[in-house]
Amino acid sequence: MNQNEQADRLSEETSSIWFETVRLPSFKKLNGNLQTEAVIVGGGITGITTAYLLAKEGVKVVLIEADRLCSGTTGYTTAKITAQHTLIYDELIGHFGEEKAKLYYLANQGARDWIGQMVRTHDIHCDFREQPAVVYADKEKEVRQIEKEAEAYRKLGIPGTVTESLDLALPVKKALIMHHQAQFHPLMYLHFLIAELVKMDVSIYEETVAVEMTEAPSCVVHTKEGHQIHCSDVLICSHFPFYDKGFYFSRMYPERSYLMAVETEQPIPDGMYISAGNPKRSVRSLSCNGRAMTLVGGENHKTGRGENTANHFQKLAVFADTLGAKEIICHWSAQDYTTLDKIPYIGKLSSRHSHMYVAAGFKKWGMTSGTLAARLLADQLLERDNPYSEVFSPQRFTADPVIKRFMIDNGSIAGHLIKGKLEKGKESIKHLKNDQGAVVSLNGKRAGAYKNKEGRLTIVDTTCTHMGCEVNWNQGERTWDCPCHGSRYEATGEVIDGPAKKPLRQLYREHHTQDGEK
Ligand code: FES
C-alpha cells in the first residue's frame with residue numbers, strides 16, 4: 001500500500017472489525033418505571049455474561065446500556081482470551097505473595113475455560129480457536145523480565161515454555177509462551193448470549209443512561225430521562241462506575257490503545273503475541289467470514305495525553321508492513337482502565353453498599369476479566385462462596401504498590417490540571433478543515449472547536465465537567481478526551497465515557513435552518 005493511500009485510509013472514520021462483520025440485535029430505550037430483582041448497568045461482555053448467569057438461576061434481570069450493546073470496550077478489543085496479561089505474575093508474587101498470584105491465574109484461566117466450555121456445549125460459531133499466548137522481549141534489557149516471569153510461572157505451576165525464536169517476523173530476543181489460551185470473535189459469541197437473554201425474558205434497554213442510585217430501603221436506579229428502576233440489587237458493569245462512591249476515579253487510570261485489521265501477504269503463524277516492553281505491540285491472526293487477516297495493536301498512552309492520534313495509527317501501519325501487510329481493512333482505538341495494583345475491582349461497591357456491586361479496571365484483558373467478573377458477581381449476589389472474592393475485592397488495601405502509584409498518578413493529574421489551565425489554543429478556527437477539531441483561543445481563553453463534515457462549527461468550553469481539568473482533541477475518534485481521569489466527550493460536548501456525567505458547555509453551535517441556510 002503506498003504512503004498516500006495509507007494516509008487517506010487512516011484519516012477516515014474508525015470502525016472495529018467486530019462491528020464490521022456482525023450485526024447485533026437492537027433494543028428500545030426504557031420509557032417508564034420498572035420493578036425487578038437485579039439491574040445490570042452496562043451491556044458489554046461483563047454485563048451480558050452476568051445477566052446470562054443470573055437469569056439461568058431464575059433471577060429476574062433488567063439490563064440497561066447507555067449506548068448500544070457492546071459499544072464500549074467490548075466491541076473494540078483484541079479479543080484474546082488469556083491469563084497471560086503481558087508480564088504480571090512475577091510482580092504479583094512480589095506484592096501479594098504466591099497464594100494470591102496463583103488465585104489470580106486460576107480465576108483467569110477458569111474464565112478462559114468457561115468460555116471454551118460455553119462454545120463447545122452450545123456449538124457457538126465465533127471463530128473460537130485455542131492458541132498459545134506469547135509475550136516477547138525484542139530488546140536486551142527486557143530479557144531478564146522474561147526470565148523472571150518464567151520463574152514465576154514455574155513457582156505457580158503455570159504451563160509455559162521459554163524460547164529464543166518465533167515463526168513470526170519479529171526481532172525476538174526471548175519469549176515466554178503460555179499454553180492453552182484462546183481467541184474468538186467477541187460479538188459472534190455475545191450474539192449467542194444476547195439471544196439466550198431474550199429467550200430467558202431478560203429485559204434489555206439500549207440508549208438508557210443511569211445517572212443516580214439510591215439504596216434505602218431498596219435500590220433504585222434513576223435514568224437520565226427521569227425513569228426509575230426499583231430492584232433488590234444493582235450490578236455496575238459499565239466501563240467506569242457511573243455511581244462513584246468508592247473514589248474509583250482516583251484509583252484507576254485510563255489508557256487508549258490503537259488497533260487495525262490488515263490483510264497480509266501470507267497468513268501469520270498461530271499464536272497471540274504481545275511485546276514485553278514499549279512501544280507496545282500486539283499481533284494475532286483473525287478470520288472473519290472466511291477471510292484471513294491479522295490484527296495488530298499497540299501505541300498505548302494515557303487518555304488525553306498522546307500525540308496526534310493519526311500518528312499512532314501511522315506507526316502501527318509501519319509495524320504492520322513489517323509483517324507483510326498489503327491492505328488495511330479497518331482501524332479503531334479503545335480505552336481501558338487499570339487499577340493502582342493492576343488487579344480489577346470486582347465485588348461490593350463499598351463496605352457501606354451491601355446491594356451494589358461493581359466490576360471495573362480490566363487493564364486491556366476484558367474478555368477474560370469480564371467473564372471472571374460475571375461469575376464472581378453472580379456468585380456473590382446468589383450468596384455462594386467464590387474462592388476469588390478476596391483477591392478482587394474493591395475494598396482490598398495493600399500499601400505497596402497502591403500508595404506509590406496513587407502518588408504518581410494523582411501528582412501527574414495535579415500537573416495536568418495546572419498545565420491545562422495555562423495553555424492557550426495554538427490553532428486558529430479559520431484554518432480548521434471540515435471534520436477537524438482543535439484547541440483554539442477564543443477571546444484570549446482556551447476553547448475547543450470542531451467543524452463537522454458539512455463545515456458547521458461547534459465551540460465548547462474545554463473544562464472537563466468532572467473535576468475541571470482541560471480536555472484535549474482526539475482527531476482519530478473525533479472526541480474530547482480528559483487527561484485526568486479519562487472522561488470522553490463527543491465533538492459537540494456530550495458525554496461518551498465517565499466519570500463525567502455532564503456535557504461540556506457549548507459556547508457556540510452553527511445550525512442549518514430548514515431552508516438549508518446556516
Ligand atoms: Fe476527572 Fe476530567 S475526568 S477531571
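The values are calculated or read from the model by the stated rules, or taken from the named source; none is laboratory data. As the structure is a prediction and not an experimental result, all values here were calculated from the model. Here the Cβ positions follow ideal geometry from the backbone for every residue, glycine too, while neighbour counts run over all protein chains shown.
Could you go through segment 433-440 and let me know if any residue there is within 16 Å of the ligand (Cβ to nearest atom) and in a loop (DSSP other than H, G, I, E, B).
no
Name every residue in segment 294-320 that is in a helix (DSSP H, G or I) and touching a residue at least 60 places away in the same chain (Cβ under 8 Å), in order of residue number.
Passing the criteria: Thr309, Ala310, His312, Phe313, Gln314, Ala317, Ala320.
Which of (1) under 25 Å from the mean Cα position of the chain (by Cα); (2) at pLDDT 60 or above; (3) among the β-branched types (Val, Ile, Thr) does Val402 not meet, given it meets every other one?
The failed condition is (2).
Is there a residue in segment 120-142 that is farther than 27 Å from Ser15 by Cα, part of a loop (DSSP other than H, G, I, E, B) and modelled with pLDDT under 95?
Checking segment 120-142: at least one residue is farther than 27 Å from Ser15 by Cα, part of a loop (DSSP other than H, G, I, E, B) and modelled with pLDDT under 95.
Tally time: how many residues in segment 45-81 are over 14 Å from Met200 (Cα atoms) and either in contact with a Pro (Cβ under 9 Å, 6 or more places away or on another chain) or not in a loop (DSSP other than H, G, I, E, B) (or both)?
14
May I ask you to list the residues in segment 321-367 that are touching a strand residue (DSSP E or B) at 6+ places or on another chain (Cβ under 7 Å), at positive phi and touching a residue at least 60 places away in the same chain (Cβ under 8 Å)?
Passing the criteria: Gly324, Gly361, Lys363, Lys364.
Do we find a residue being touching an Asp or Glu at 6+ places or on another chain (Cβ under 6 Å), over 30 Å from Lys28 (Cβ atoms) and charged (D, E, K, R) anywhere in segment 132-141?
Among the residues of segment 132-141, not one is touching an Asp or Glu at 6+ places or on another chain (Cβ under 6 Å), over 30 Å from Lys28 (Cβ atoms) and charged (D, E, K, R), which makes the answer no.
Looking only at segment 147-166, which residues are at negative phi and not in a helix (DSSP H, G or I)?
Result: Ile158, Pro159, Gly160, Thr161, Val162, Thr163, Glu164, Ser165, Leu166.
Is it true that Ala310 is among the small types (Gly, Ala, Ser), at pLDDT 85 or above and either more than 16 Å from the ligand (Cβ to nearest atom) or out of contact with any helix residue (DSSP H, G or I) (no Cβ under 9 Å at 6 or more places or on another chain) (or both)?
no
Quick one: in segment 217-259, of everything that is in contact (Cβ under 8 Å) with a residue 12 or more places away in the chain, touching a Cys at 6+ places or on another chain (Cβ under 8 Å) and part of a strand (DSSP E or B), which residue is surrounded by the fewest Cβ atoms within 10 Å (Cβ to Cβ)?
The selected residue is His230.
Being β-branched (Val, Ile, Thr) and buried (at least 24 other Cβ atoms within 10 Å of the Cβ) is the filter here, so list the residues in segment 50-81 that pass it.
Listed by number, the residues that qualify are Thr50, Val61, Ile64, Thr74, Thr77, Thr78, Ile81.
Go through (1) buried (at least 24 other Cβ atoms within 10 Å of the Cβ); (2) touching a Ser or Thr at 6+ places or on another chain (Cβ under 8 Å) and name the single condition Leu372 misses.
Evaluating Leu372 over (1) buried (at least 24 other Cβ atoms within 10 Å of the Cβ); (2) touching a Ser or Thr at 6+ places or on another chain (Cβ under 8 Å) leaves (2) as the failure.
Starting from residues that are within 9 Å of the ligand (Cβ to nearest atom) and among the hydrophobic types (A, V, I, L, M, F, W, C), keep the ones in segment 478-490 and report whichever is modelled with the lowest pLDDT.
Across segment 478-490, the extreme among qualifying residues is Cys484.
Of (1) more than 16 Å from the ligand (Cβ to nearest atom); (2) touching a Ser or Thr at 6+ places or on another chain (Cβ under 7 Å); (3) farther than 29 Å from Glu13 by Cα, Arg251 satisfies all except one. Which?
Only one criterion in (1) more than 16 Å from the ligand (Cβ to nearest atom); (2) touching a Ser or Thr at 6+ places or on another chain (Cβ under 7 Å); (3) farther than 29 Å from Glu13 by Cα is unmet by Arg251, namely (1).
Could you tell me which residue of segment 150-162 is surrounded by the most Cβ atoms within 10 Å (Cβ to Cβ), considering only residues that are out of contact with any Phe, Trp or Tyr (no Cβ under 6 Å at 6 or more places or on another chain) and not aliphatic (A, V, I, L, M)?
Ranking the candidates gives Tyr153 first.
Please work out if Ile429 is over 26 Å from the mean Cα position of the chain (by Cα) and at pLDDT 90 or above.
For Ile429, the condition - over 26 Å from the mean Cα position of the chain (by Cα) and at pLDDT 90 or above - is not met.
Let's see how each residue does on (1) part of a loop (DSSP other than H, G, I, E, B); (2) within 16 Å of the ligand (Cβ to nearest atom):
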| residue | (1), (2) |
| --- | --- |
| Arg446 | no, yes |
| Glu454 | yes, no |
| Ile459 | no, no |
| Gly468 | yes, yes |
| Gly476 | yes, no |
| Thr492 | yes, no |
| Ile496 | no, yes |
| Pro499 | yes, yes |
| Leu504 | yes, yes |
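For segment 84-106, state whether one or more residues are modelled with pLDDT of 95 or more, assigned to a loop (DSSP other than H, G, I, E, B), among the polar types (S, T, N, Q) and surrounded by 24 or more Cβ atoms within 10 Å (Cβ to Cβ).
Yes; the residues of segment 84-106 include at least one that is modelled with pLDDT of 95 or more, assigned to a loop (DSSP other than H, G, I, E, B), among the polar types (S, T, N, Q) and surrounded by 24 or more Cβ atoms within 10 Å (Cβ to Cβ).
From the set of residues in segment 178-202 that are buried (at least 21 other Cβ atoms within 10 Å of the Cβ) and β-branched (Val, Ile, Thr), which is farthest from Tyr89 (Cα to Cα)?
Only one residue fits best here, namely Val202.
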